[in-house]
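Each reported figure results from applying straightforward, stated rules to the coordinates on display, with no laboratory input. In this text the structure is predicted, and so the values were computed from the model without any measurement. Cβ: placed from backbone, ideal geometry, glycine included. Neighbour counts: every protein chain shown.
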Amino acid sequence: MLPLHLQPESHVPLYIQLRDQLRALVHAGDLRTGDRIPASRELAVQLGVHRTTVANAYAELESEGLIRGHVGRGTFIQEAAAPLQITPAPHPAKMNGGVRWESLFADERGEEALSRLTQAAPRGAISFVMARPASEFFPVEELRKCTNAVWRREGADVLQFGPSDGYPPLKHVLIEMLRSEGYDVRDESLLITDGCQQALDLLCKAFLRPGDSVITENPTYPGSLAIFAGARVRTLGVPVKTEAGPGTTPGVDLVAIEAALMQNRVKMMVLTPDFHNPTGTTLPVAERRRLLEIATRYQVPVVEDHIYARLRARGERIPSLKQLDRSNLVIQIDSFSKVAFPGLRVGWIIAPPSVIDRLRLVKQATDLHTDQLAQAVLAEFTRRGHLARHIERTRKIYSARLAALEQALARCMPPGPTWTRPEGGMCVWVELPPGFDSTELLIHVRERGVVFAPGRYFYFQDPHPNTLRLGFAGLGEREIARGVAILGDVLRTEMHKRQRGTRRAELARVALV
Ligand SMILES: Cc1ncc(COP(=O)(O)O)c(C=O)c1O
């Protein structure tokens, strides 16, 4: 059976999704010249779509010369599908007298992964969907003063083109901050980005070719999946242990990492050891050392996503992979997004100088440099001590919100679901009893004015439909309590319905016997 997954909720028409996925299978070599593909009727049944959807996708691929139908024999991948053969661009089909833009789009490459999460919550809803900072505590007045100071002092400089590796005053304050935290960082080992999302994109462009393999957690942050899918990178998923019990530790499964490294030529690992998104788990220090020992043995670099690490709510601080690294294999990416303001789009990468040299060129080709005003304002904000104070303040606020969420879950959830106990960050991961689908639960919960992120958004293989993520940082304690009370109430009702259904089926079975 072909690995095809259509998304009916996407704005991309189903036939375009199918066309793109089939084309991608051909280019990846999974479908080769002469291979027979299923008849449209058969594939329509398999995918649960109308036959015309498949017929339209096939018609497009046939007009591109990628497939050919032979009466009585079936439809086959064509010779012309050989990767380097140039086929004339298809004429854009016209619809209602205009160009059908969808038929001109490049292959869909998994960008949808992120857009599902960033969809706006209904007005007035209590939204646990996002893992984002609390905007009511943004120190707008301090930022205004910092911005004015920047305009007065260096207004002309920030309005000019700047260096691709970052605005020097920002690099300077970041180096001071990072050194005070114990990092051995110099100007040559630091590059400013438009946030961690861009850091992932630059690293992908610098290191990964189509078909290369990357290890990452499954579930994981969908933004990294969108980047890997776009680059045609093979993503190998490693499970995350969500429960710490006797003999188990939370965080990414190191045994699975080692197995994946043994069986594949892996180019790099991309992991979030602190307050992992979406599970909230943190990898203990002994496991970090073991992970580095494994990475060193296999000589595979680790990209450490450090975006949540400064948001520790409780427990002991754990050294980062970068701080523990003795083999120079760790590249750390970080950002102002969670500790300060995601709207300013500024982050950074710490890496060996030769890697930064390469990334500087890639960054230049991508967007020349990060917005200089945003960099200069954040430099001023950090230099004046506001960043440290803001982190301290929001850490306490998020810690109280996390406590409120845990208390509400303990008070309101019916027996059955379990949830993670993060020591910081912005999200808690809930596992409903097996057989429950959080997407269905969301329909009922949404009717009562509450929304969350279904767990399936974060998986790229073997999704666990009974999971969901609760982002708590952007919600006040009262809203958290109200939202969880509704969630618990709806879940209890759904569990009762299910129990009644099972009992009725059981009685019917007994009656039949
Ligand atoms: C794990 C992780 N990495 C990266 C990002 C993107 O961060 P930025 O806003 O710095 O691009 C996010 C945002 O939610 C995230 O959760």
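Per q in 0.12, 0.20 Å⁻¹, report the Debye log10 I(q)/I(0) for segment 366-513, using one uniform scatterer on each alpha carbon and no solvent.
These q points yield log10 I(q)/I(0) values of -0.66, -1.16.
Can you list the HN-Hα couplings for segment 426-441, worked out from phi with the Karplus curve (6.51, -1.76, 1.60; θ = phi - 60°), rounded to whole Hz and with x for Gly and Pro?
Taking θ as phi minus 60°, the curve returns 9, 9, 10, 10, 10, 10, 7, x, x, x, 7, 10, 5, 5, 5, 4 Hz for segment 426-441.
Quick one: 3J(HN,Hα) in Hz for segment 227-237, Karplus 6.51/-1.76/1.60 with θ = phi - 60°, rounded, Gly and Pro as x.
Running phi through 6.51 cos²θ - 1.76 cosθ + 1.60 with θ = phi - 60° gives 5, 5, 5, x, 8, 6, 8, 7, 9, 9, x Hz.
May I ask for log10 I(q)/I(0) of segment 256-335 at q = 0.11, 0.17 Å⁻¹, from a Debye sum over the Cα atoms as equal point scatterers with solvent left out?
Scattering profile of segment 256-335, log10 relative to I(0): -0.27, -0.65.
What percent antiparallel are the DSSP beta bridges of the chain, to the nearest 5? Don't jump to the answer; show the numbers that get you there.
Values: 28 of 46 bridges.
The answer is about 60 percent antiparallel.
As a test of understanding, state the convex hull volume per residue of segment 442-483 from its alpha carbons, in Å³. Please list the in-between numbers first.
Working: hull volume 3.1 nm³, N = 42.
Normalising the Cα hull of segment 442-483 by residue number yields 74 Å³.
Put +1 on the Cβ of every Lys and Arg and -1 on every Asp and Glu Cβ in segment 355-513; which of Gln364, Leu507, Gln461 then has its Cα farthest towards the positive end of the dipole?
Towards the positive end, the residue furthest out is Leu507.
Taking segment 295-395 on its own, what percent of its Cα-Cα pair distances exceed 25 Å?
On the way: 1531 of 5050 pairs.
Value for segment 295-395: 30 percent of Cα pairs lie more than 25 Å apart.
What base-10 log of the normalised intensity I(q)/I(0) is obtained for segment 1-80 from the Debye formula, alpha carbons as equal point scatterers, at q = 0.27 Å⁻¹?
-1.56
Straight-line reach from Lys145: which aspartates and glutamates fall under 15 Å, measuring Cα to Cα and dropping same-chain residues less than 8 apart?
Partners within reach: Glu154, Glu380.
Under a straight-distance cross-link criterion of Cα-Cα below 25 Å, which lysines are reachable from Lys267, leaving out those fewer than 8 residues away in the same chain?
Filter leaves Lys205, Lys241, Lys322, Lys363.
Can you give the extra length, in nm with one decimal, that the chain gains between His172 and Ala259 once fully stretched, where that is 0.36 nm per residue apart less the Cα-Cα distance? Display every interim value, and only then the final one.
Working: separation 87, 0.36 × 87 = 31.32 nm, distance 4.14 nm.
That works out to 27.2 nm of additional length.
Give the Cα extents of the chain along the principal axes, in whole Å, largest first.
75, 66, 53 Å, listed from the longest principal axis down.
Could you pull out every one of the aspartates and glutamates with an alpha carbon less than 16 Å from that of Lys497, ignoring same-chain neighbours closer than 8 positions?
Partners within reach: Asp437, Glu440, Asp489, Glu506.
In the chain, with Lys and Arg counted as +1 and Asp and Glu as -1 at Cβ, which of these residues, Leu491, Tyr308, Thr439, has the Cα nearest the positive end of the dipole, that is, farthest along it?
Leu491
Work out from phi, with θ = phi - 60° and the Karplus expression 6.51 cos²θ - 1.76 cosθ + 1.60, the ³J(HN,Hα) of each residue of segment 170-182, listed in order in whole Hz, and give x for Gly and Pro.
5, 4, 4, 5, 5, 4, 4, 4, 5, 5, 5, 8, x
Find which of Gly476, Leu43, Leu143 sits farthest along the positive direction of the dipole of the chain, computed with +1 on the beta-carbon of Lys and Arg, -1 on that of Asp and Glu, about the Cα centre.
After comparing all options, I get Gly476.
Once you have all Cα-Cα distances for segment 129-264, histogram them in 10 Å bins from zero and send the whole-percent values.
Going out from 0 Å in 10 Å bins, segment 129-264 shows 9, 22, 31, 25, 10, 3, 0 percent.
Give me the Kirkwood hydrodynamic radius of segment 197-333 in Å, from all C-alpha pairs, to one decimal place? Working shown, then result.
Numbers: mean 1/r = 0.0667 Å⁻¹.
In segment 197-333 this quantity evaluates to 15.0 Å.
Could you check how many percent of all C-alpha pairs in segment 180-232 are farther apart than 17 Å? Working shown, then result.
Working: 656 of 1378 pairs.
Summing the P(r) tail past 17 Å for segment 180-232 gives 48 percent.
Can you give me the long-range amide H partners of Thr193? Hydrogens built in the peptide plane at 1.01 Å from N, cutoff under 5 Å, separation of 5 or more residues or another chain.
Result for Thr193 returns Gly347, Trp348, Ile349.
Please report the relative contact order for the chain, taking Cα pairs under 8 Å with a sequence separation of at least 6, and give it as a percent rounded to a whole number.
After rounding, I find 17 percent.
Can you pull the one-decimal nm distance between simple spin-label points at Leu2 and Arg290, each 7 Å off the Cα toward Cβ?
Each label point lies 7 Å from its Cα, and together they span 4.3 nm.
Kindly provide the GluC sites (Glu not before Pro) of segment 283-365 that DSSP labels as loop, not H, G, I, E or B, and whose Cβ sees at most 12 other Cβ atoms within 10 Å. Walk me through the intermediate numbers first.
Details: sites: Glu287, Glu293, Glu304, Glu316; in loops: Glu316.
Answer by residue number: Glu316.
What length, rounded to one decimal in nm, is gained on full extension from Val99 through to Leu361, with 0.36 nm per residue of separation minus their alpha-carbon distance? Intermediate results must be reported in sequence, preceding the final value.
Working: separation 262, 0.36 × 262 = 94.32 nm, distance 3.67 nm.
Stretched fully, the Val99-Leu361 segment lengthens by 90.6 nm.
To the nearest 20 Debye, how big is the dipole of segment 210-360 about its Cα centre, given +1 on the beta carbon of each Lys and Arg and -1 on that of each Asp and Glu? Mind dumping the intermediate values first?
Working: 19 positive and 14 negative charges, 59 e Å.
The dipole of segment 210-360 has a size of about 280 debye.
Can you give me the C-alpha center-to-center distance between segment 37-80 and segment 221-238, rounded to a whole angstrom?
When both Cα centres are located, 28 Å separates them.
Note down the magnitude of the dipole of segment 1-78 about its Cα centre, charges +1 on Lys and Arg C-beta and -1 on Asp and Glu C-beta and zero elsewhere, to the nearest 20 debye.
Values: 8 positive and 8 negative charges, 56 e Å.
The calculation lands at about 260 debye.
Along each of its three principal axes, how wide is the spread of alpha-carbon positions in segment 205-254, in whole angstrom units, largest first?
Extents along the principal axes, in whole Å: 41, 17, 14.
Once you charge only the Cβ atoms, +1 for Lys and Arg and -1 for Asp and Glu, what is the size of the charge dipole of segment 133-203 about its Cα centre, to the nearest 20 debye?
On the way: 7 positive and 13 negative charges, 60 e Å.
The dipole of segment 133-203 has a size of about 280 debye.
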